[in-house]
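Trainee: Can you keep this structure in mind? I'll have questions shortly.
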Amino acid sequence: AILAIVQRHQALRTTFQTIGDQLAQVVAASVDIPLALIDLQNEPEVTREAQVDRYSAQVSEQPFDLWQGPLLRTVLIRTAPHQHVLVVAVHHIVADGWSLGIFSREMTSIYGSLVANQPITLPDLPLQYADFAVLSLRKNRVAKRFRHGPVQGGAAHVIGQLGIGAAFEQCLDERDVA
């Protein structure tokens, strides 16, 4: 399920390199995301939660290498024969709080499909995060032109001035565009 999400989202396959004197994003065609397994099921029940917290902290505090990647780290902690805790650490340069909500929803959907031996049925992404960021910058530039007075036609007019179409408007539904 994690690999399916990584394949869907370029940001999770991104590393960074210096080309000349410029920092550049490099999106890999695919990335191997190791899933470490820590088995605590034989540990005393009274200490398991503290151990899960300790391992979770270790995973999240381990530094990322922006040049080598991956910028996503996963660990599965088994606390009982059919009970696990999935720890996911992702560098903030490739995911924000909104993105983590998408990750969680997609993980639930994909995992459910795989467990039920059903095909994964997520809709195609209208934009990748990098596209969204570029379009957001354009929107802000256009909006600045109208900063000192009311915008004729409102936010829809500003979005129309960008010439970016319905995909961007769909992505902006969850963010404040006004």
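The values are calculated or read from the model by the stated rules, or taken from the named source; none is laboratory data. Quantities reported herein were computed from a predicted structural model and do not represent experimental measurements. A quick note on method: Cβ atoms are made from the backbone with ideal geometry, for glycine too, and the neighbour counts reach across all protein chains shown. In case anyone asks, the SASA skips ligands and DNA or RNA and just uses the protein heavy atoms, side chains included. Shrake-Rupley method; radii C 1.70, N 1.55, O 1.52, S 1.80 Å.
Trainee: In square angstrom, rounded to the nearest 10, how much accessible surface does residue 85 have for a 1.4 Å probe?
Mentor: For residue 85, the solvent-accessible surface is approximately 50 Å².
Trainee: If you don't mind, there's one more thing I want to ask. Expressed as a whole percentage, what fraction of the accessible surface of region 1-96 belongs to carbon and sulfur atoms when a 1.4 Å probe is rolled over the protein heavy atoms?
Mentor: On region 1-96, the fraction of accessible area on carbon and sulfur atoms equals 52 percent.
Trainee: Filter the chymotrypsin sites (Phe, Trp or Tyr not before Pro) in region 1-82 to those in DSSP coil with at most 11 other Cβ atoms within 10 Å of their Cβ, and list the result.
Mentor: Passing both the DSSP loop test and the Cβ count: 67.
Trainee: Quick one: ranking 138, 105 by accessible area, 1.4 Å probe, largest first, what do you get?
Mentor: Ranking 138, 105 by accessible area, largest first, yields 105, 138.
Trainee: Right, here's the next one. What FRET efficiency, computed as 1/(1 + (r/R0)^6) with R0 = 35 Å and r the Cβ-Cβ distance, is obtained for residue 21 and residue 102, rounded to the nearest 0.05?
Mentor: E between residue 21 and residue 102, to the nearest 0.05, is 0.55.
Trainee: Counting heavy atoms of the protein chains only and a 1.4 Å probe, report the per residue accessible area for region 5-117 as a whole number of Å².
Mentor: Each residue of region 5-117 exposes 62 Å² on average to a 1.4 Å probe.
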